[in-house]
Amino acid sequence: MSIEKKIFLVASILGLIAVVLGAFAAHGLRDALNSTSLESFQTGVRYQMYHAFFLFVVGLMPQLQTQQKKRLFWLTIIGVVLFSVSIYLLSTNTLTPIDFGFLGPITPIGGLFLISAWGLLGFYLLKLKN
């Protein structure tokens, strides 16, 4: 499978999950969570969707080499999992018997991966000859 196809497939899955989780938050979690937790959950959804679009853009860029796309892909995937998934679990912590408080330090690490993906894309673009 080409890296572009893999990027588009994962971006589609991330987008689909973001829409499902956003709808779930708006309809299923609205009465179960306090406003701060619901807002946090929606932040995770937003960032997941932003990075689904980011991956589509990366996949569409003919200026990027395959290895560059792979690096951006993995930074983004790791970032979304660490950032958004940790937010989902932390914000719904009161609904489960498991205390996900230990994930608190994971969220900013995920954010650093996402920031790194954007920074690396900018670096690659600066290096272009045209």
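Just one of the listed residues (K69, K129) is more than 16 Å from G15 (Cβ to Cβ), among the charged types (D, E, K, R), at pLDDT 95 or above and over 12 Å from the mean Cα position of the chain (by Cα), and it is K69. Just wondering, is there one or more residues in segment 76-88 that are in contact with a Ser or Thr (Cβ under 7 Å, 6 or more places away or on another chain), among the β-branched types (V, I, T) and farther than 19 Å from G119 by Cβ? Checking segment 76-88: at least one residue is in contact with a Ser or Thr (Cβ under 7 Å, 6 or more places away or on another chain), among the β-branched types (V, I, T) and farther than 19 Å from G119 by Cβ.
Candidates in segment 1-33 are the residues that are in contact with a Leu (Cβ under 8 Å, 6 or more places away or on another chain), small (G, A, S) and surrounded by 14 or more Cβ atoms within 10 Å (Cβ to Cβ); of these, the one that is farthest from K69 (Cα to Cα) is A25.
Going by the structure shown, is Y124 of a type in the set (S, T, Y) and surrounded by fewer than 19 Cβ atoms within 10 Å (Cβ to Cβ)? In short, yes. Of the residues T36, T96, T66, T107, the single one that is on the phi < 0 side of the Ramachandran plot, loosely packed, with under 15 Cβ neighbours inside 10 Å and touching a helix residue (DSSP H, G or I) at 6+ places or on another chain (Cβ under 6 Å) is T66. Among the residues making up segment 14-60, a single one is of a type in the set (F, W, Y) and more than 16 Å from the chain's Cα centre (by Cα): F24. In segment 110-121, of all residues being of a type outside the set (S, T, Y) and in contact (Cβ under 8 Å) with a residue 40 or more places away in the chain, the one that is surrounded by the most Cβ atoms within 10 Å (Cβ to Cβ) corresponds to A117. Of all the criteria given as (1) under 30 Å from N130 (Cβ atoms); (2) surrounded by fewer than 20 Cβ atoms within 10 Å (Cβ to Cβ); (3) of a type in the set (V, I, T), the one not satisfied by I78 is (1). Of the candidates F41, F54, the single residue that is surrounded by 13 or more Cβ atoms within 10 Å (Cβ to Cβ), under 14 Å from L121 (Cβ atoms) and either touching a Cys at 6+ places or on another chain (Cβ under 8 Å) or among the hydrophobic types (A, V, I, L, M, F, W, C) (or both) is F54.
The values are calculated or read from the model by the stated rules, or taken from the named source; none is laboratory data. Here the structure is a predicted model, which means the values were calculated and not measured. Reconstructed Cβ throughout: ideal geometry from the backbone, glycine too, with neighbour counts over all protein chains shown.
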